[in-house]
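A.B. asks: To start, I am sharing the structure in question, which I have written as structure tokens.
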Amino acid sequence: MPSAEKKDFYEVLGVPRDADATAVKKAYRRLAMEYHPDRNPGNKDAEEKFKEASEAYEVLSNPDKRQIYDRFGYEGLKGHGYSGFTNISDIFSSFSDVFEDFFGFGPRRSRSGPSAGADLRYDMEISLEQAAFGAKQEISFDRFNTCATCKGSGSKPGTSPKTCDRCKGTGQVGMSRGFFSIRTTCDRCGGVGKVITDPCADCRGSGKTAEKKTITVKIPPGVDSGSHLRLTGEGEAGERGGHRGNLYVVLHVKPHSFFERHEDDIFCLIPISFPQAALGAEIEVPTLDGKHRLSIPAGTQPGELFRIKNKGIQRLNGFGRGDEIVQINVVVPTQLTDRQRGLLEEFAKTGSQTGESKAKTDSSDKKKGKK
């Protein structure tokens, strides 16, 4: 559930919890138009509502952040490094494309400063055993690195970008639209204030080149499908000296051939024979740690459950392990020898296979006045 310190993001935007991306964007557009700072100059309450709506939109419009929020609330987002917006300029910086879509022009910001690299996502399949005990696994993925030839400038070595003739190097141009009067990102230089006239041959002016990166990921014990691992600084390279983005590894636990997972417990179905169920037996059952001796008492019924303590999944960020739940499946033979059939027929005549003999005895005792 969302943190008590924050309003529910769905309530902030006024959308149901199953709202799709279009509905979320439409709701944010309405609130952003209503509370935009240029429409409410000096109104601190409107500014706070604008920031609140923008934070809600940032989370609910991002599938990964939304999944974390739905599952763990705002505290879960903070656990994944999310800190929200600190000022209005951060909002315009994050939603440049969104505001161009909403209002027909971009944010009031310059892109001449450092810019962080994009985050990356990697989906990893792991086994139930790896989820239970943790593991280390090597992965390889593609990402963009700062071009070694031009050092990220995008210009051919020995040359430099030229001052943009449209914005005169400021990275911004003035624009008025209705009740808005705003300076927006220069469409010629993209807010950098400079244009590349002689691009680097290796990166073609982008300042970045593709690379194959291989790293070892440490999987903590107790993870489950949907768990996210954040690897700080393993994402895309930043621009103009900005730091790298992060790599988010999303885990998917593969189905096991024998065990089923129920939170921190594991479940399995063990077949035994009718004589074992009726007379009792000592059997070996598989666990994630190897074989375990399990005592089956006489008279065990089909479907009966036995719990083996501390043989389940390690508790994530906690102590101890879950249990293994063993369900008994009494197997009925499909082929019998003549001797086996004869013995079963003789057993059936006693009526004891369903408790009939005891019931008849109890009835007879009552008629005779026995207690």
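A.B. asks: Do we find that G242 is among the small types (G, A, S), within 30 Å of Q67 (Cα to Cα) and touching a residue at least 24 places away in the same chain (Cβ under 8 Å) in this structure?
C.D. replies: Against the criterion (among the small types (G, A, S), within 30 Å of Q67 (Cα to Cα) and touching a residue at least 24 places away in the same chain (Cβ under 8 Å)), G242 qualifies.
A.B. asks: Look at S273 and say whether it is touching a Pro at 6+ places or on another chain (Cβ under 9 Å) and under 30 Å from L336 (Cβ atoms).
C.D. replies: So S273 fits the description; yes.
A.B. asks: Let me ask something else. For the range 184-233, give me the residue count where each residue is under 17 Å from C147 (Cα atoms) and in a strand (DSSP E or B).
C.D. replies: Residues in the range 184-233 being under 17 Å from C147 (Cα atoms) and in a strand (DSSP E or B): 7 in total.
A.B. asks: For Q314, indicate whether it is touching a Leu at 6+ places or on another chain (Cβ under 6 Å) and surrounded by 12 or more Cβ atoms within 10 Å (Cβ to Cβ).
C.D. replies: no
A.B. asks: Moving on. Could you give me the residue pairs with C-beta distances under 6 Å whose first residue belongs to the range 41-55 and is surrounded by 19 or more Cβ atoms within 10 Å (Cβ to Cβ), whose second residue is not acidic (D, E) and not in a helix (DSSP H, G or I) wherever it lies, and which are 6+ apart or on separate chains?
C.D. replies: K51/F85; E55/G84; E55/F85
A.B. asks: Could you list, in sequence order, the residues of the range 120-152 that are in contact with a strand residue (DSSP E or B) (Cβ under 9 Å, 6 or more places away or on another chain) and in a loop (DSSP other than H, G, I, E, B)? First the steps, then the outcome.
C.D. replies: First, pick out the residues of the range 120-152 that are in contact with a strand residue (DSSP E or B) (Cβ under 9 Å, 6 or more places away or on another chain): 120-150, 152.
Listed by number, the residues that qualify are S127, G134, C147, A148, T149, C150, G152.
A.B. asks: May I ask you to verify whether D224 is in contact with a strand residue (DSSP E or B) (Cβ under 7 Å, 6 or more places away or on another chain), at pLDDT 90 or above and under 30 Å from D142 (Cα atoms)?
C.D. replies: Working: in contact with a strand residue (DSSP E or B) (Cβ under 7 Å, 6 or more places away or on another chain): yes; at pLDDT 90 or above: yes; under 30 Å from D142 (Cα atoms): yes.
Yes, satisfied.
A.B. asks: Checking P271 against (1) over 27 Å from the mean Cα position of the chain (by Cα); (2) surrounded by 13 or more Cβ atoms within 10 Å (Cβ to Cβ); (3) assigned by TED's automatic domain parsing to the domain that holds E304, only one condition comes out false. Which one?
C.D. replies: Among (1) over 27 Å from the mean Cα position of the chain (by Cα); (2) surrounded by 13 or more Cβ atoms within 10 Å (Cβ to Cβ); (3) assigned by TED's automatic domain parsing to the domain that holds E304, P271 violates only (2).
A.B. asks: Taking the options C167, C203, C150, C186, name whichever one is within 39 Å of the chain's Cα centre (by Cα), closer than 30 Å to M33 by Cβ and at pLDDT 75 or above.
C.D. replies: C186
The values are calculated or read from the model by the stated rules, or taken from the named source; none is laboratory data. Here the structure is a predicted model, which is why all the values come from computation and not from measurement. A quick note on method: Cβ atoms are made from the backbone with ideal geometry, for glycine too, and the neighbour counts reach across all protein chains shown.
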